[in-house]
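S.K.: One structure coming up, written as structure tokens, with questions to follow.
The values are calculated or read from the model by the stated rules, or taken from the named source; none is laboratory data. All of these numbers come straight from a predicted model, not from anything done at the bench. Note: ideal-geometry Cβ built from the backbone for every residue, glycine included; neighbour counts use all protein chains shown.
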Amino acid sequence: MSKIPVPKIHPIQDISLPTFGHQKLSNDIPVYVVNKGLQKALKVEIVFDAGRPFEDMPLVSRVMTSLFKKGTKQFNEYEIAEKFDYYGASLKSILNLDQVKMTIYSLTKDLEDLLPVVKSVLTEPLFEEKHLARYKRNFLIDLEINLQKNDVVAYRTFTEKLFGAEHYYGYNSSKELLEAISTEDIHHHFNRCINASNAQIFISGGLNDDTIELVNKHLGDLPLGEKQQPQQVAVVDNPVKISIQRKNNLQASLRIGQRTISRRHEDFTDFWILNTLLGGYFGSRLMTEVREKNGLTYNIYSSIDNLIYDSYFYISADVNAADLTATIQCIENELMKLRTELISEEELVVLKNYILGNFLTMIDGPFSIMATVKSFLIHNGNVESFDDLIQSVQSITPERIRANANKYLDFNDMYCVTVG
């Protein structure tokens, strides 16, 4: 019985970001469009520069985002929820550290009926005292629970030491900060930041001919407002090693890392490849050495957290408390290997194939394409950087990887936080 021949494996050659549209609404809000897909469904993201860098007082952006859908002058919270449920659509208000995002998922034909509600949420939210009081109660309950978790405490301690307790990326949520926020503070932040001058819109999916016209009809008259600028807060790097002991904890969490280069830096693409090699996928150095060979943890990874106004690199793991010292030593050894030894050609081929294959998922379908476009526009300022990244992966050499490791992966320059 003859066997069916195994298909040949071909290297990934050409990857390019599909084209997208760009225009402006009547109030100059930039709109980016990926009009693809067989299904007449849409994802509309309205993004505002309204996160932590733009706060007058800590936590106010988080509270505002959570209360957006709790009622407007035209609709109460139940009417808003019912409207979207009726059409099988969703409206989400999401906050990351830098931006506030309103995201709509709906069928294309239903967008016209949903946009009036969205406009009301974005122009006339009430931010009532009763909803603020309820939010504070629930938040403090969640905070008390989360502070019992080692990984949460490790993250909070790590970022506070990295940036400083007074920095917008470094402060931590607390009862005192939350209780200081009033409805007047929320309205003030809303009036400063939620306007056309601080907005961008990203639309992806199967658009109709009149989709952009409908968006302009309802959102093209959002007030202009004033373009907000991020606070200028100095950061002083002072790498420290911190160990927080907790009784009756068999598990320990660790965070090791430092502030690092932004996505606009000339070394970033090579450093991103280096991070993937170190701890960015299942076949990474950290997974292989710390988990598979030494059995010290179930999961360990490294990552680059790209914020708009800063970036940091970190290694994260949860281990048995008795294995904490051995795990840190193993991590330090792997960093030293990358700084002193050249990666083998075999390992380099596996790494490049993984990364290039992952890039294909980034341009698979309209929502994924737009997520990639949005990420490069916000963090890089252009989409041409996508091509630069592809080129860097295809041309990366063991020597460039080692050179970047020597620049950016010195264990002695890193903060180390352990909790447990």
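S.K.: If you take the residues in the stretch 287-312 that are closer than 20 Å to LEU162 by Cα and among the small types (Gly, Ala, Ser), which one is surrounded by the fewest Cβ atoms within 10 Å (Cβ to Cβ)?
M.R.: Top of the filtered list is SER303.
S.K.: Is there any pair with a first residue in the stretch 391-419 that is in contact (Cβ under 8 Å) with a residue 12 or more places away in the chain and a second that is of a type in the set (Lys, Arg) and not in a helix (DSSP H, G or I) whose Cβ atoms are under 7 Å apart and which are 6 or more apart or on different chains, and what are they?
M.R.: CYS416/LYS241; VAL417/ARG255; VAL419/ARG246
Rundown of residues vs (1) at pLDDT below 95; (2) within 27 Å of the chain's Cα centre (by Cα), yes/no style:
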| residue | (1), (2) |
| --- | --- |
| LEU17 | yes, yes |
| PHE20 | no, yes |
| ASN27 | no, no |
| VAL34 | no, yes |
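S.K.: Shifting gears a bit: If I filter the stretch 87-102 down to residues being assigned to a loop (DSSP other than H, G, I, E, B) and among the hydrophobic types (A, V, I, L, M, F, W, C), which single residue comes out as nearest to the chain's Cα centre (by Cα)?
M.R.: Among those residues, the one meeting the criterion is LEU97.
S.K.: Would you confirm whether any residue within the stretch 270-278 is modelled with pLDDT of 95 or more, out of contact with any Lys or Arg (no Cβ under 7 Å at 6 or more places or on another chain) and farther than 17 Å from LEU338 by Cβ?
M.R.: no
S.K.: Tell me, please, whether a residue that is more than 22 Å from the chain's Cα centre (by Cα), surrounded by 15 or more Cβ atoms within 10 Å (Cβ to Cβ), farther than 21 Å from GLN231 by Cβ and assigned by TED's automatic domain parsing to the domain that holds LYS69 can be found in the stretch 186-195.
M.R.: No, there is no match, as no residue in the stretch 186-195 is more than 22 Å from the chain's Cα centre (by Cα), surrounded by 15 or more Cβ atoms within 10 Å (Cβ to Cβ), farther than 21 Å from GLN231 by Cβ and assigned by TED's automatic domain parsing to the domain that holds LYS69.
S.K.: Quick check: is even one residue across the stretch 90-112 assigned by TED's automatic domain parsing to the domain that holds ASN198, touching a Cys at 6+ places or on another chain (Cβ under 8 Å) and either closer than 25 Å to SER253 by Cα or touching a residue at least 40 places away in the same chain (Cβ under 8 Å) (or both)?
M.R.: Yes: one or more hits.
S.K.: Just need a number here: residues in the stretch 36-67 that are modelled with pLDDT under 95 and buried (at least 19 other Cβ atoms within 10 Å of the Cβ).
M.R.: Result for the stretch 36-67: 0.
S.K.: Output yes when any residue across the stretch 395-403 is in contact with a Ser or Thr (Cβ under 7 Å, 6 or more places away or on another chain) and either buried (at least 18 other Cβ atoms within 10 Å of the Cβ) or not assigned by TED's automatic domain parsing to the domain that holds ASN294 (or both), and no when none is.
M.R.: no
S.K.: May I pose another question? Read through the list (1) closer than 30 Å to GLU128 by Cβ; (2) outside any loop (DSSP other than H, G, I, E, B); (3) not β-branched (Val, Ile, Thr), then give the number of the only condition that ASN216 fails.
M.R.: Among (1) closer than 30 Å to GLU128 by Cβ; (2) outside any loop (DSSP other than H, G, I, E, B); (3) not β-branched (Val, Ile, Thr), the lone unmet condition for ASN216 is (1).
S.K.: Separate question: Is it true that LEU348 is surrounded by 18 or more Cβ atoms within 10 Å (Cβ to Cβ) and either in a helix (DSSP H, G or I) or of a type in the set (Gly, Ala, Ser) (or both)?
M.R.: no
S.K.: Also, quick follow-up: How many of the residues making up the stretch 109-153 are assigned to a loop (DSSP other than H, G, I, E, B) and not polar (S, T, N, Q)?
M.R.: Result for the stretch 109-153: 6.
S.K.: For ARG339, are the conditions met, namely being assigned by TED's automatic domain parsing to the domain that holds GLN258, in a helix (DSSP H, G or I) and touching a residue at least 60 places away in the same chain (Cβ under 8 Å)?
M.R.: Considered against the rule, which asks whether it is assigned by TED's automatic domain parsing to the domain that holds GLN258, in a helix (DSSP H, G or I) and touching a residue at least 60 places away in the same chain (Cβ under 8 Å), ARG339 comes out as yes.
S.K.: Let me ask something else about it. Please indicate, with yes or no, whether at least one residue in the stretch 314-322 is out of contact with any Cys (no Cβ under 6 Å at 6 or more places or on another chain), part of a helix (DSSP H, G or I) and either among the charged types (D, E, K, R) or more than 30 Å from VAL233 (Cα to Cα) (or both).
M.R.: yes
S.K.: Does PHE386 satisfy the condition of being crowded, with 17+ Cβ neighbours inside 10 Å, out of contact with any Asp or Glu (no Cβ under 8 Å at 6 or more places or on another chain), aromatic (Phe, Trp, Tyr) and not assigned by TED's automatic domain parsing to the domain that holds PHE163?
M.R.: yes
S.K.: Another question, then. List every residue pair whose Cβ atoms lie under 7 Å apart, where the two residues are 6 or more positions apart in sequence or sit on different chains, the first residue falls within the stretch 219-235 and is not assigned by TED's automatic domain parsing to the domain that holds ASN195, and the second residue, located anywhere, is of a type in the set (D, E, K, R) and exposed (fewer than 15 other Cβ atoms within 10 Å of the Cβ).
M.R.: Short answer, once both residue conditions are applied: VAL233/GLU166.
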